[in-house]
Structure formats: C-alpha cells, structure tokens
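Remarks on the structure that follows.
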Amino acid sequence: DGNTAFMLACQNGHTDVVQLLLDNSEIIELNARSNNGGTAFMNACHYGHKDVVQLLLNHSDSIDLNARRNNGETAFMIACYKGHKDVVKLLLDQNIDLNARDHFSGWTAFMLACSFGQKEVVKLLLDHSDRIDFNSKNINGETAMMIACRSGQEDIVQLIVNHRRRKF
C-alpha cells in the first residue's frame with residue numbers, strides 16, 4: 001500500500017516508536033505518501049491515536065497538517081467522520097482548514113460528522129462556529145443539516161436546531 005515504517009507506527013498507535021522516529025526525523029520522511037495519498041499524520045487521526053497525534057502536533061512545523069489523500073480528505077475530515085472526539089479537539093486548536101472539501105462530492109468535515117451520526121464531534125464543531133461554515137453546500141447543493149435529515153440522524157438534527165436557536 002506504499003506505507004512507510006513511520007506510517008505503520010502511527011497507524012498502530014505505537015507512541016514510543018513514533019517518538020523514537022521523531023527524535024531521528026532526519027532519517028525518515030515525515031510527510032511521505034502512501035498509494036492513496038495518506039500520511040502518517042492521517043493514519044494516526046484515522047485510528048484515533050490521540051497521544052500519537054499530539055506527538056505529531058508537537059512537530060507541526062515539519063508535518064503538513066492540511067495534506068490531502070488522493071480523494072481530497074484531510075486528517076481533520078477523517079477524524080470527524082470516524083468520531084474521534086479527542087483527536088478532533090486537538091485539531092481544532094491548530095492552524096488547519098476546517099472547511100476543506102473532498103474532491104468528489106464537496107463534503108466538509110462537518111457534513112461527514114453529521115452524515116455518520118458523530119454526535120460528540122458535531123457538538124465540538126458547533127462550539128467552534130466562528131471558524132466553521134455550517135451553511136456550505138456540497139456539489140448536490142446539500143448542507144450538513146440536509147444531509148443529517150436525509151440520513152435520519154435525529155440527534156444530529158436536534159443539535160443543529162438547538163444551536164441555531166441559541167444564535168438568535
């Protein structure tokens with residue numbers, strides 16, 4: 001699949017091995033890409049390894065936090081649809097594009113979290129409403145609210161309705 005040893009250590013949450021490799025970063029490529037365009041950072045976010053993500057964020061000057069897979073997904077998007085609340089919380093404090101869209105459907109991290117029913121992640125994102133465009137539309141003209149309704153995500157729809165009530 002084109003994964004490097006560093007990618008595999010991040011994917012499997014081996015914090016000590018990741019730290020060892022980061023301490024010797026001159027011998028590894030921190031932003032190497034797998035066949036699908038993924039990076040070690042994306043792998044750690046995909047599997048919800050909060051401690052590994054934190055280690056990587058400590059080296060954010062050397063790691064591309066806005067890298068995209070071949071399909072346009074970012075690490076933030078992946079963490080949101082996977083429901084990794086603790087990882088999402090870490091990423092919200094970083095200088096990343098919270099409104100990035102994938103290449104195929106134009107979906108954002110918020111849309112993905114709503115579609116997959118990731119209630120705790122949606123709550124976190126709603127609390128960061130100053131940085132997230134909740135009204136953006138995918139290529140079909142759907143907003144996250146529309147996607148949640150279509151997907152039957154009643155809890156998510158309720159969160160969005162409550163959030164909109166608070167704003168007025």
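The values are calculated or read from the model by the stated rules, or taken from the named source; none is laboratory data. What you are looking at is a predicted structure, and each value in this text was computed from that prediction instead of being measured. Accessible surface areas use protein heavy atoms only, side chains included; no ligands, DNA or RNA. Shrake-Rupley method; radii C 1.70, N 1.55, O 1.52, S 1.80 Å.
Brief remarks follow.
- Evaluation of Leu112 against (1) open to solvent by 70 Å² or more (accessible area, probe 1.4 Å); (2) within 12 Å of the chain's Cα centre (by Cα); (3) farther than 20 Å from Cys10 by Cα (one fails), failing number: (1)
- Going through (1) modelled with pLDDT of 95 or more; (2) open to solvent by less than 50 Å² (accessible area, probe 1.4 Å); (3) farther than 25 Å from Gly117 by Cα one by one, Leu8 falls short only on (2).
- Failed item, numbered, when Leu55 is tested on (1) under 11 Å from the mean Cα position of the chain (by Cα); (2) open to solvent by less than 70 Å² (accessible area, probe 1.4 Å); (3) not aromatic (Phe, Trp, Tyr): (1)
- When Arg33, Arg101, Arg69 are checked against the criterion of being open to solvent by less than 40 Å² (accessible area, probe 1.4 Å) and either of a type in the set (Phe, Trp, Tyr) or modelled with pLDDT of 95 or more (or both), a single residue qualifies: Arg69.
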